[in-house]
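The values are calculated or read from the model by the stated rules, or taken from the named source; none is laboratory data. Here the structure is a predicted model, which is why all the values come from computation and not from measurement. Because the Cβ atoms are built from the backbone with ideal geometry, glycine has one as well, and the counts that use them run over all protein chains shown.
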Amino acid sequence: MKFFRPASLPEALNIKSEFPDCVPIAGGTDLMVMINFDRRRPPALLDLSGVPELRTIVERPDGVLRIGAGVSCKRLHGDYADALPSLAMAAGTVGSPQIRNRATVGGNIATSSPAGDTLPPLIAAGAVVELASVGGSRRLPLEEFLIGPKRNALRPDELIEAVHVRRQAGPQLFSKVGTRNAMVISISSLALDLRPAQRAIRCAIGSAAPKVLLVEGMEALGAALPWPTDGGPPGALDDALVEAFSGLVSRACSPIDDMRGSARYRRRSLEALARRNLTWAWRALERRSTCV
Ligand SMILES: Cc1cc2nc3c(=O)[nH]c(=O)nc-3n(C[C@H](O)[C@H](O)[C@H](O)COP(=O)(O)OP(=O)(O)OC[C@H]3O[C@@H](n4cnc5c(N)ncnc54)[C@H](O)[C@@H]3O)c2cc1C
């Protein structure tokens, strides 16, 4: 097996252009499992761990963070709880400390699993993926980049260079249902992103459909929520609005039965996560208004 270890992004892109069959490896926590179980036998590996450009995080003046594909889950969990709370929470649930040390956000995105934990918070926050090749770069909303279970829109000569995501504009939450608290693939997951200034609510769900989904049709609910006005507190959250949100999530999902959980359990757990997360996020909004 050929093994390339570029020291810069241009070098990595040149190799990918010349050998489109070579398979990138970042932390190796997904790919090495496939290789060890003989489910993949790549003709060549492109080790991205020596590419410094992929490990940077830069925040633009408008509050959008550009997170390099090679940034680890450990770093997102440890350093970005204020800027990106939902993503930080999700990154903190990936595997164990050892796995989070190696696992990268780019690897999680490229694996494109319906259970990938960083995907719901990124999609709920409106993340855009930056894809690079020797020909230039292009950007796609993450929900369009994902096209099916472990399938995405990456071309053979491209690498994921970064993901762009805006600093939180209001309370964000991520919750995951599994059989235990650590080292567990989700049975279902849900990320919520409240944007009081826009009177908008965004939600993405994982392990709920062939790919991680942005829940559509939230505009009317966003308009109906009693958002804070003129710096005052928000109104009380009506049970009917919580049920309406839970209903939207339930209708959006199309879960399957598998060894981790039944379709029925997945749907019920997502409905419960929706109720719980909206209630908790609203409490956080109330606390914010009493703190200013
Ligand atoms: C014990 C264990 C527990 C785990 N628990 C979880 C969990 O709780 N939640 C979860 O979501 N995942 C979990 N995972 C899966 C894995 O850790 C994550 O998906 C991780 O983010 C993968 O990142 P990586 O850098 O290790 O990817 P790698 O294994 O290096 O690569 C994964 C895929 O991405 C491609 N790739 C990597 N970087 C790029 C790039 N820049 N451009 C294009 N393609 C790229 C590779 O070619 C490969 O196809 C677990 C894995 C293990 C072994």
Residue that is nearest to Ala169 (Cα to Cα), among those in the range 201-223 that are surrounded by 15 or more Cβ atoms within 10 Å (Cβ to Cβ) and among the small types (Gly, Ala, Ser): Gly222
So, in the range 245-270, of the ones that are in contact with a helix residue (DSSP H, G or I) (Cβ under 7 Å, 6 or more places away or on another chain) and under 12 Å from Val215 (Cβ atoms), which residue ends up surrounded by the fewest Cβ atoms within 10 Å (Cβ to Cβ)? Ser250
So, Asp79, is that one near the ligand (Cβ under 10 Å from one of its atoms) and either of a type in the set (Asp, Glu) or modelled with pLDDT of 95 or more (or both) or not? no
Kindly establish whether Ser186 is within 30 Å of Asp47 (Cα to Cα) and buried (at least 23 other Cβ atoms within 10 Å of the Cβ). yes
If I filter the range 200-210 for residues that are without any contact (Cβ under 8 Å) to a residue 60 or more places away in the chain, touching a Cys at 6+ places or on another chain (Cβ under 9 Å) and either under 23 Å from Gly78 (Cα atoms) or more than 10 Å from the ligand (Cβ to nearest atom) (or both), do I get at least one hit? no
Looking only at the range 43-66, and only at residues there that are near the ligand (Cβ under 10 Å from one of its atoms) and either of a type in the set (S, T, N, Q) or surrounded by fewer than 17 Cβ atoms within 10 Å (Cβ to Cβ) (or both), the one that is nearest to Leu154 (Cα to Cα): Asp47
Residue check, Lys176 touching a residue at least 12 places away in the same chain (Cβ under 8 Å) and touching a Ser or Thr at 6+ places or on another chain (Cβ under 6 Å): yes
Residues of the range 1-42 being in a strand (DSSP E or B) and away from the ligand (no atom under 11 Å from the Cβ), in sequence order, are Lys2, Phe3, Phe4
Failed condition for Gln98, given (1) surrounded by fewer than 17 Cβ atoms within 10 Å (Cβ to Cβ); (2) more than 10 Å from the ligand (Cβ to nearest atom); (3) assigned to a helix (DSSP H, G or I), with all others met? (2)
